[in-house]
Number of protein chains: 2
Amino acid sequence: MMEHAQEALFRPVRAGNAFEETVERLMQAIRLGVVAPGERLPSERDLATRLGVSRVTVREAIRSLQENNYVESRRGRYGGTFVNDVIPKSAPGKEFGDIHDALTLRKVLETGAAETAAGRSLGPAERRGLRARLEEASTASLVEYRRKDSRLHLAIAEATGSASVTAAVADSRMRVNELLDTIPLLEPNLTHSNAQHERIIASILDGDPAGARLAMAEHLDGTASLLRGFLV
Amino acid sequence: MMEHAQEALFRPVRAGNAFEETVERLMQAIRLGVVAPGERLPSERDLATRLGVSRVTVREAIRSLQENNYVESRRGRYGGTFVNDVIPKSAPGKEFGDIHDALTLRKVLETGAAETAAGRSLGPAERRGLRARLEEASTASLVEYRRKDSRLHLAIAEATGSASVTAAVADSRMRVNELLDTIPLLEPNLTHSNAQHERIIASILDGDPAGARLAMAEHLDGTASLLRGFLV
DNA sequence: CTCCAAAGGTATGTCTGCGAGCCATTGGCC
DNA sequence: GGCCAATGGCTCGCAGACATACCTTTGGAG
């Protein structure tokens, strides 16, 4: 028997109860900037269908987000649940093993995604989308940087044309962002990141898989060593 | 809003009910060869703890495996649930989008895993493990090939030192194996695969990340085009 | 001004899954 | 030969989640 592989295969089947996982998902959408401040979440009924949970559970999750000031709800037609400007919270106390694990998965996924995206023939809409995200990230202020950065990286994942890859990247980023939230974000890091972003996107748009991979790898290594430095 | 990213983020929160997901996991362990025919699964109490479900649910899952002749249970001390030699089943009817999605994720994960594994300094136990899995796969008969092949690929994932990567590769392989089960496995494919396996493992053991990635990419492209050819 | 569609808010009965405990069986150890 | 530890087999009550239905609020369309 492969004792080690068992640990991976016999991991818990569910990360938490339906309520917790629903909160997690909504938080992802907000923190990764998929639904920006001021924008509206899909309706409760819609979310219930898409997430595969009951509306009651969705409401409980939204309730908990309201209590933590992430969102506000308004009734009536053209009402809904709207994302606030806040960015509360930070969660400390990770172990080194977790960090290594999260960073390894991220590197595997995101370098692969960049290479794959560069190897596809992208449509005009996709190309425009990538440029738009790049522009958003490069002009972002310090407070909104993490969100805009995540949107850019998610757009790259989407450009692979694989929903599974996008989902995996989203999960991975959430884990890493949790860690990044515990260390300071400085102007020089940001400038450097933007330059790397440009290289990555240029390589993807030029259809240069090897270049995209390399540029992404260097980009990720930057924040990885920053993290390892601050957290160990 | 990034309409497309929402599809990934607002995907169903749980793949199925606890029972179904538990069956799925045990099937993974059996079909990927992590618990080989004749070997014993962990005890019900142990599985319940590790999988994070109640023992009742574990028992229902095992019951369903018994009914499909995958396993047999024996009572008493030194009893347990043992894996049979069978390999029933096959599930047809996939759409092209699913195939592309599954193959894209697999390529991202496994090429990344190979590269990462080659970039680490592996301990003697890990090196021995990789060689052993390679040997097993190369001497496997047609009927046991898929299982031995999966074990080898899982061992490579494990060599990244990241449990998350291993888990992701296991999930990905299950999806692809489901597809592979619907097409014939021929002796020449097998010979070719074995040669590629050797290159991959040699590159990893030599600490050659670029070589490992390339070898893995070629290996995966082989079965990918086979699949696309048979299934479209 | 009225209507009404679409959104959030509420209530209820059902069912799944869980925890916890106990029973039955088996084979090695003393 | 008897003990007993570890395993599968079984039951029952509770809590979480679900489906479904209905109520309330709101603002645009007609």
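Using C-alpha pairs under 8 Å with a sequence gap of at least 6, the mean separation divided by the residue count of segment B:96-231 gives a relative contact order of 41 percent. Model label sites at A:H192 and A:F82, defined 7 Å from Cα along the beta-carbon direction, differ in position by 3.9 nm. Normalising by the residue count of chain B, find the relative contact order in percent from Cα pairs under 8 Å and 6+ residues apart. It comes to 22 percent, rounded to a whole number. Express in % the proportion of alpha carbon pairs of segment A:18-83 at distances exceeding 13 Å. Summing the P(r) tail past 13 Å for segment A:18-83 gives 59 percent. If you average the alpha carbon positions of segment B:27-90 and of segment A:11-30, how far apart do those two centres end up, in angstrom? For segment B:27-90 versus segment A:11-30, the Cα centre distance is 28 Å. Our summary gives segment A:18-134 a relative contact order of 22 percent, counting only alpha carbon pairs under 8 angstrom and 6 or more residues apart.
Can you grab the distance from the C-alpha centre of segment B:177-231 to the C-alpha centre of segment A:207-225, Å, no decimals? Going from one Cα centre to the other spans 25 Å. Note on B:R75 and B:E135: their simple-model spin labels are 4.2 nm apart, each label 7 Å out from Cα toward Cβ. Pairwise Cα distances in chain B exceed 30 Å for 30 percent of all pairs. Using just the C-alpha positions of segment A:166-209 as equal point scatterers, what log10 of I(q)/I(0) does the Debye formula give at each q in 0.30 1/Å? Rounded to two decimals, the profile gives -0.93. Of B:D85, B:D181, the residue with the largest accessible area leads and the full order is B:D85, B:D181 (1.4 Å probe). Sorting B:L26, B:L226 by solvent-accessible area of protein heavy atoms yields B:L226, B:L26, largest first, with a 1.4 Å probe.
For segment A:96-207, the mean projected area of the C-alpha convex hull, equal to one quarter of the hull surface, is 6.7 nm². Only protein heavy atoms count here; under a 1.4 Å probe, A:R151 has an accessible surface of about 20 Å². Taking all protein chains together, A:K107, A:K148 sort by accessible area into A:K107, A:K148, largest first [probe 1.4 Å].
Amide H to amide H, with H built 1.01 Å from N, B:N84 comes under 5 Å of B:G38, B:V71, B:E72, counting only residues 5 or more places away or on other chains. Solvent-accessible area of B:T81, all protein chains in place: 10 Å² (probe radius 1.4 Å, heavy atoms, ligands and nucleic acids excluded).
Can you give me the span-like helices of chain B, meaning DSSP H runs with 30 Å or more of Cα extent along the axis and Kyte-Doolittle mean at or above -0.5? Taking the DSSP H segments of chain B (at least 30 Å long, mean hydropathy at least -0.5), we get B:96-119, B:209-231.
Plainly put, the tip 7 Å out from Cα toward Cβ on A:T49 is 4.4 nm from that tip on each other copy, the closest given first. Take B:E67, push a point 7 Å out from Cα through the beta-carbon direction, and compare it with the same point in every other copy: 4.1 nm, smallest first. Using a probe of 1.4 Å on the protein chains alone, the accessible area found for B:I183 is around 20 Å².
The values are calculated or read from the model by the stated rules, or taken from the named source; none is laboratory data. Since the structure is predicted, the reported quantities are computational estimates derived from the model, not experimental observations. FYI the Cβ positions are ideal-geometry reconstructions off the backbone, even for glycines, and counts take in every protein chain you see. Areas reflect the complete protein model, heavy atoms only, side chains present, ligands, DNA and RNA absent. Shrake-Rupley method; radii C 1.70, N 1.55, O 1.52, S 1.80 Å.
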